[in-house]
Structures are given as structure tokens and as C-alpha cells.
Amino acid sequence: MIGTSAILQEEYFDHFIKPFPHLFREETKEEVLDFADIELLVTDSETGRPISKAMISVDTIGRTAVSDIHGKVLINDVVSGGFIVDVIVFGYTANSTLVHVSAKELNTLNVRMVRNC
């Protein structure tokens with residue numbers, strides 16, 4: 001014989017928990033994160049020449065890097081998603097670009113810097 005408390009619990013579950021699963025989580029699901037790399041090339045907008053020593057910052061994930069003598073930067077193991085990449089170089093106007101990073105694609109970005117002098 002089922003007691004009245006068991007029947008009330010079942011009714012409570014059917015009327016309050018089932019319609020709102022996002023409010024009552026009984027089990028936790030492991031979230032699988034996709035990681036990717038971002039490859040950047042920093043160049044002068046007029047000449048197309050690579051710019052070395054450019055400071056690159058992905059603020060939302062707290063990652064920074066500096067471009068090499070070929071103007072290249074590789075930022076490894078970035079979680080897939082949208083990020084703003086900031087590039088700062090002495091003598092050039094700062095550049096902020098929205099980048100969507102996907103683990104399924106090659107994530108390359110050519111940042112063309114405009115001289116400010």
C-alpha cells in the first residue's frame with residue numbers, strides 16, 4: 001500500500017518539477033569544452049609588412065602574447081566561443097577585433113594596423 005506522502009511527492013514532482021527542469025536540477029551533467037588555437041598575423045595596412053613586438057591581448061580569458069619578427073602570434077588552448085582580441089603597437093592606432101574561435105576550424109586572423117603618425 002502506498003502512503004499518502006508518496007502520492008503527494010509524486011504529484012508535487014509532476015506539477016512543479018517536471019515543467020521547470022532548469023529550476024530543479026537533480027543530476028549534474030559534465031560539460032565538454034572544445035579548445036582551439038588562434039593564429040594571428042599583424043601587418044601594416046599600407047605596406048603589408050609584418051609588425052613585430054605587437055602586444056596582443058584576449059582580455060576575457062586573460063591571455064596575452066607578443067608578435068615575433070614575422071608578425072605572427074599563436075595563442076594555444078583557447079576555449080571555443082567569441083572573443084575580442086586587442087592589438088597595440090607603438091606608432092599605430094589600437095585595434096580591437098571580434099573573433100569567433102571554433103575547434104573545428106583553422107582560426108586565423110590577419111590584423112592590419114593603421115599608422116597614427
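The values are calculated or read from the model by the stated rules, or taken from the named source; none is laboratory data. What you see is a predicted model, and the numbers here were worked out from it, not measured in a lab. Please note: Cβ atoms are built from the backbone with ideal geometry, for glycine as well, and neighbour counts cover all protein chains shown.
Selection over region 57-85 of residues that are out of contact with any Lys or Arg (no Cβ under 8 Å at 6 or more places or on another chain) and either among the aromatic types (Phe, Trp, Tyr) or over 13 Å from ASN110 (Cβ atoms) (or both) gives a count of 19. Residue count for region 70-117, restricted to those that are touching a Pro at 6+ places or on another chain (Cβ under 9 Å) and assigned to a strand (DSSP E or B): 1.
In this entry, ASP77 passes the filter for residues that are closer than 15 Å to ASP37 by Cα, acidic (Asp, Glu) and modelled with pLDDT under 95.
Scanning region 33-53 for residues that are among the charged types (D, E, K, R), under 16 Å from ARG112 (Cβ atoms) and in contact (Cβ under 8 Å) with a residue 40 or more places away in the chain returns GLU39, ASP44, GLU46.
When region 54-69 is filtered for residues that are out of contact with any Asp or Glu (no Cβ under 7 Å at 6 or more places or on another chain), farther than 14 Å from ARG112 by Cα and either touching a residue at least 12 places away in the same chain (Cβ under 8 Å) or in a strand (DSSP E or B) (or both), the ones remaining, listed by number, are VAL58, THR60, ILE61, ARG63, THR64, ALA65, VAL66, ASP68, ILE69. Close contacts from region 73-87, counting a first residue that is more than 18 Å from MET55 (Cβ to Cβ) and a second that is hydroxyl-bearing (Ser, Thr, Tyr), with Cβ to Cβ under 8 Å and a gap of 6+ residues or different chains, come to SER80/SER102.
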